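Structure record follows, encoded as structure tokens.
The values are calculated or read from the model by the stated rules, or taken from the named source; none is laboratory data. Not measured: the values here are computed from a predicted model. Neighbour counts are summed over all protein chains in view; Cβ atoms, including those assigned to glycine, are modelled from backbone coordinates with ideal geometry.
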Amino acid sequence: MLGYMPMPADFKYADVLRRGRPVHRQHDVFAVKHPAMDPGKRAKIFSPFDALKGFTDAVEAKDELYEERIELSEDECAELDSVITDLLELVRNGSAARENSVTVTVTHFVPCVDENNDAYGCRGQYVETTGIVNCIDPVIRKTITVDGKRIRFGDISRIEVK
């Protein structure tokens, strides 16, 4: 039998198939000359070939949903300013930021950066960044830095202090 099929009578390698897989001792001449391949490398041999590199990612990027930027009301802006002012007191310099280690979740707008997408330049996604506030620059850059990620005040829709 060849798998689930009967073996043809004139099968050229019938004797090899009947013998089965060869078993080699650890210091066999063949085993020394042809060491066993690492299973991780062996798996690469059978991985699918991607002829159009990046095409799958480009198609998947088109499936991402983008939305319009939300304009905050005056009350929401005042509340956001209040939270930023309170945070500024807690992290006024680097040592205070490390000492207080205020954890926040900032919901902010990230514009679409894919030039080939219809949303480029006009729509984006709202993402949440959670972490410790490293720095707030209310004058020059008008940004808040959370775990090394700088976020512009104009992109923030909500800040939740943990």
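List the pairs whose first member sits in the range 53-75 and is more than 13 Å from Val127 (Cα to Cα), whose second member is surrounded by 10 or more Cβ atoms within 10 Å (Cβ to Cβ) and of a type in the set (Val, Ile, Thr), and whose Cβ atoms are under 9 Å apart, counting only residues at least 6 apart or on separate chains?
Matching pairs, first to second residue: Leu72/Ile156.
Among the residues of the range 87-128 satisfying the criterion of being in a loop (DSSP other than H, G, I, E, B) and among the small types (Gly, Ala, Ser), which is surrounded by the most Cβ atoms within 10 Å (Cβ to Cβ)?
Here the answer is Ala119.
So the check is Cβ under 6 Å with 6+ separation or different chains; which pairs have a first residue in the range 84-100 that's within 12 Å of Val161 (Cβ to Cβ) and a second one that's surrounded by 11 or more Cβ atoms within 10 Å (Cβ to Cβ) and modelled with pLDDT under 85?
Hits for this filter: Leu90/Asn100; Val91/Ala97.
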